[in-house]
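Working notes, structure below.
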Amino acid sequence: MEAVGNTTHREPWNKGKIVGQKVPFKPKDIWALRVRLQMEGRIRELALLNLGIDSKLRGCDLVSLKVRDVCHGDQVATRAIVMQHKTKRPVQFEITAASRDALQSWIKYAGLKPDNFLFPSRLHDSPHLGTRQYARILGHWVDELGLDRAEYGTHSMRRTKATLIYRRTKNLRAVQLLLGHSKLESTVRYLGIEVDDALEISEQTEI
C-alpha cells in the first residue's frame, strides 16, 4: 500500500467573504467614530483613524510609519512625504489640525521618540502594528458604527477622502497624485467613477 502524503486541506482565505472593492466611509460615520473615540479616551485609535483618513495610505504603509515621518522636531508637520512599499514612489499628504492634535497627544502619551514606530505593536514578535491588527481594529469600528463588515475594509480608509475630493472637484489628476497611482486608469478603477457618475446622473433624472 502506498503511503498517503500530507494532504491537509487549507481553506481559501476569502471563502465566504465578499472580496470586491470596499466602499468608502461617509463623513457622518467618520465624525461619529471620532466623537466616540474622543469621549472614551482611545488615544491611539483616534490618531490611527485621523491619520489613516488624511494620508490615504495603504495599510502596509500606514502601520509602518515612524514618528520622524510625520514630525518636524517636537511638532507634528502639516505635510508629510512617504515612500510607498508597493510602488516605490513617493506620495505627499496633508495632516489636518485635528490629526495633528490627535497625533501629538498619542506621541506624548506613548512616550515615542523620532526613531520609534508611530503605532508600535502590543505583540512581542512585531515591532509595529501589523496589517491584520489594523484590519481587526477597523472591523471593530465598523461594528460600533452599526455597518456591515463585508462592505468595509482597510481600503475604505484609503478611499474615503480621495472619493470625497473627487466628488467635490472632479479633478481626477489631483486624486491620482494624492493616491500615488502611476496610471490614471488605476485611479479611475479605484474610485469606480463610471458607476458613481451614472448613479448621480440617474438620481438627477426625473421620469
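The values are calculated or read from the model by the stated rules, or taken from the named source; none is laboratory data. Just so we're clear, the structure is a prediction, and the values are computed from it rather than from any experiment. Glycine gets a Cβ as well: all are built from the backbone with ideal geometry, and neighbour counts include every protein chain shown.
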How many of the residues in the range 88-107 are among the polar types (S, T, N, Q) and either outside any helix (DSSP H, G or I) or exposed (fewer than 14 other Cβ atoms within 10 Å of the Cβ) (or both)? 2
Checked against (1) crowded, with 19+ Cβ neighbours inside 10 Å; (2) modelled with pLDDT of 90 or more, residue 42 satisfies every condition except (1)
Mind telling me which of the residues 99, 156, 126 ends up being under 19 Å from the mean Cα position of the chain (by Cα), at pLDDT below 90 and not charged (D, E, K, R)? 156
Hey, can you tell me all the residues within the range 20-56 that are in contact with a strand residue (DSSP E or B) (Cβ under 7 Å, 6 or more places away or on another chain) and either of a type in the set (S, T, N, Q) or over 13 Å from residue 96 (Cβ atoms) (or both)? 55
Inspect all residues belonging to the range 60-76 and state whether any of them is assigned to a strand (DSSP E or B), at negative phi and free of Cβ contacts under 8 Å to residues at least 24 places away in the same chain. yes
Test residue 131 against the criterion of being modelled with pLDDT of 85 or more, among the polar types (S, T, N, Q) and within 23 Å of residue 67 (Cβ to Cβ), and give yes or no. yes
Determine if the range 57-66 includes at least one residue that is over 18 Å from residue 140 (Cβ atoms), polar (S, T, N, Q) and modelled with pLDDT of 90 or more. yes
Pairing a residue in the range 30-43 that is over 21 Å from residue 108 (Cα atoms) with any residue that is of a type in the set (Phe, Trp, Tyr) and at pLDDT 95 or above, where Cβ atoms lie under 7 Å and the two sit 6 or more apart in sequence or on different chains, gives 33/141
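To keep it simple, each residue is scored yes or no on (1) surrounded by 13 or more Cβ atoms within 10 Å (Cβ to Cβ); (2) hydroxyl-bearing (Ser, Thr, Tyr).
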position	(1), (2)
66	yes, no
82	yes, no
86	no, no
109	no, yes
120	yes, no
133	yes, no
155	yes, no
158	yes, no
